[in-house]
Ligand SMILES: *Cc1c(COP(=O)(O)O)cnc(C)c1O
Ligand SMILES: [Zn+2]
């Protein structure tokens, strides 16, 4: 396939084989695919199981992919949750069921494959946790060293465990995610490591397949709205790009309204949206229980805001308490176990429906981005502890009456 990297700010184009993350002007890059030259028909996808590499023709990669079978996550129709919130046609796409437990795998299968294609010898990222877990695993599979920088003390236990076990070089810095990202960007420049944060346009080429899968599963019919958590803002930009390409292919009629949710203590994009601005003012001290989106200076903010405005979507904040309620509702009404950041999509839906900003008849797909087991410490803090009793039937029956 013919493709290049194009600056979304000034339009300058770069060769797809260049190791480059931003334009000389500072603007973000986007993979520009020559879709009209593709020989492709959606009928060839009929009956083929969902996965990232199902859509290989639409992904700018030449070589054999480094894959551990990512994507193909379930899209659940959620009747009970829909009734509770008061919407008629609600779906949840559970990205927490990817191999490492988050959607980051979609980006990393493409990003790590690209790093080999480019001849890079080491891959690196800054991470609130899931990016590092995913990169560690794909790096292991590819057989190349992985360097990850984490904000000290602020990464959920399950994620650190993954990065360690899969053999990444894990460094905790005494700072937040935004500090870690700034350092790793310079490190990659100086050491010639391949940077696999979501500023890397190829990662987003993997993540756009969330949009493809949703449309594919609904019979090439896009939902009215996609709701998802927003941290560094790569995913909302990627999914929007996926739908834009499907529209260009004429496989869908409408692009869903992209609706991004942030935690109240970490909401630069929502604030920009409220003022109808196209760029953000960074949040110096982001804070939330949803550590995966505890990001004050999202690098993809400009892309994300464009996605929101162009699709007629919106952005909203939720509190940590609202996140916990939504996390429990997902778990207890639908059997969907998610980490706190993922529950923001449902919490945001609930709030926007109550405010009258979302029509109750819309077909809505909420993306739950990461798995419950990523953050066991949070679960222990927000759920009742088990009751301890003597080892007798009587004691168990008595305890049950009290629960
Ligand atoms: C990375 C991540 C996010 C945020 O995605 P961005 O692309 O950074 O906006 C949300 N939820 C989970 C679980 C994540 O791992
Ligand atoms: Zn530029």
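The values are calculated or read from the model by the stated rules, or taken from the named source; none is laboratory data. Just so it is clear, the model here is predicted, and its values are computed rather than measured. Here Cβ is always computed from backbone atoms with ideal geometry, including for glycine, and neighbour counts include all displayed protein chains.
Residues in the stretch 224-241 that are surrounded by fewer than 24 Cβ atoms within 10 Å (Cβ to Cβ) and either modelled with pLDDT under 95 or part of a helix (DSSP H, G or I) (or both): 241 alone. Suppose the filter is within 9 Å of ligand 2 (Cβ to nearest atom), modelled with pLDDT of 95 or more and at negative phi; does residue 32 pass it? No, not satisfied.
In the stretch 302-312, the residue that is nearest to residue 252 (Cα to Cα) out of those that are away from ligand 2 (no atom under 16 Å from the Cβ) and in contact with a helix residue (DSSP H, G or I) (Cβ under 7 Å, 6 or more places away or on another chain) is 311. Using the structure shown, decide if residue 81 is crowded, with 23+ Cβ neighbours inside 10 Å, farther than 30 Å from residue 160 by Cβ and either within 16 Å of ligand 1 (Cβ to nearest atom) or more than 20 Å from the chain's Cα centre (by Cα) (or both). Against the criterion (crowded, with 23+ Cβ neighbours inside 10 Å, farther than 30 Å from residue 160 by Cβ and either within 16 Å of ligand 1 (Cβ to nearest atom) or more than 20 Å from the chain's Cα centre (by Cα) (or both)), residue 81 qualifies. Within the stretch 54-67, can one find any residue that is within 16 Å of ligand 2 (Cβ to nearest atom) and either under 28 Å from residue 306 (Cα atoms) or buried (at least 16 other Cβ atoms within 10 Å of the Cβ) (or both)? No, every residue in the stretch 54-67 fails to be within 16 Å of ligand 2 (Cβ to nearest atom) and either under 28 Å from residue 306 (Cα atoms) or buried (at least 16 other Cβ atoms within 10 Å of the Cβ) (or both). For the stretch 271-283, the count of residues that are more than 26 Å from residue 255 (Cβ to Cβ), surrounded by fewer than 16 Cβ atoms within 10 Å (Cβ to Cβ) and touching a helix residue (DSSP H, G or I) at 6+ places or on another chain (Cβ under 9 Å) is nonzero. Of all residues in the stretch 353-377, those that are part of a helix (DSSP H, G or I) and crowded, with 22+ Cβ neighbours inside 10 Å total 2.
The lone criterion from (1) touching a helix residue (DSSP H, G or I) at 6+ places or on another chain (Cβ under 9 Å); (2) under 21 Å from residue 322 (Cα atoms); (3) within 13 Å of ligand 1 (Cβ to nearest atom) left unmet by residue 265 is number (3). Screening 82, 27 for residues that are at negative phi, in contact with a strand residue (DSSP E or B) (Cβ under 6 Å, 6 or more places away or on another chain) and within 16 Å of ligand 2 (Cβ to nearest atom) leaves exactly one candidate, 27.
Residue count for the stretch 30-58 satisfying the condition of being under 19 Å from residue 197 (Cβ atoms) and touching a strand residue (DSSP E or B) at 6+ places or on another chain (Cβ under 7 Å): 2. Taking the conditions exactly as written (outside any helix (DSSP H, G or I) and out of contact with any strand residue (DSSP E or B) (no Cβ under 6 Å at 6 or more places or on another chain)), does residue 252 satisfy them or not? The answer is yes for residue 252. With respect to the conditions (1) under 16 Å from the mean Cα position of the chain (by Cα); (2) surrounded by fewer than 24 Cβ atoms within 10 Å (Cβ to Cβ); (3) under 27 Å from residue 201 (Cα atoms), residue 310 lacks only one, and its number is (1). Candidates 329, 320: the one that is away from ligand 1 (no atom under 16 Å from the Cβ) and either surrounded by fewer than 21 Cβ atoms within 10 Å (Cβ to Cβ) or in contact (Cβ under 8 Å) with a residue 60 or more places away in the chain (or both) is 329.
When residue 145 is tested against (1) in contact with a strand residue (DSSP E or B) (Cβ under 8 Å, 6 or more places away or on another chain); (2) surrounded by fewer than 24 Cβ atoms within 10 Å (Cβ to Cβ); (3) closer than 17 Å to residue 377 by Cβ, only condition (3) is not met. Residues that are more than 23 Å from residue 365 (Cα to Cα), within 12 Å of ligand 1 (Cβ to nearest atom), in contact with a strand residue (DSSP E or B) (Cβ under 7 Å, 6 or more places away or on another chain) and part of a loop (DSSP other than H, G, I, E, B) occur at least once in the stretch 271-292. Checked against (1) under 20 Å from residue 209 (Cβ atoms); (2) in contact with a strand residue (DSSP E or B) (Cβ under 7 Å, 6 or more places away or on another chain); (3) within 16 Å of ligand 1 (Cβ to nearest atom), residue 21 passes all but a single condition, namely (1).
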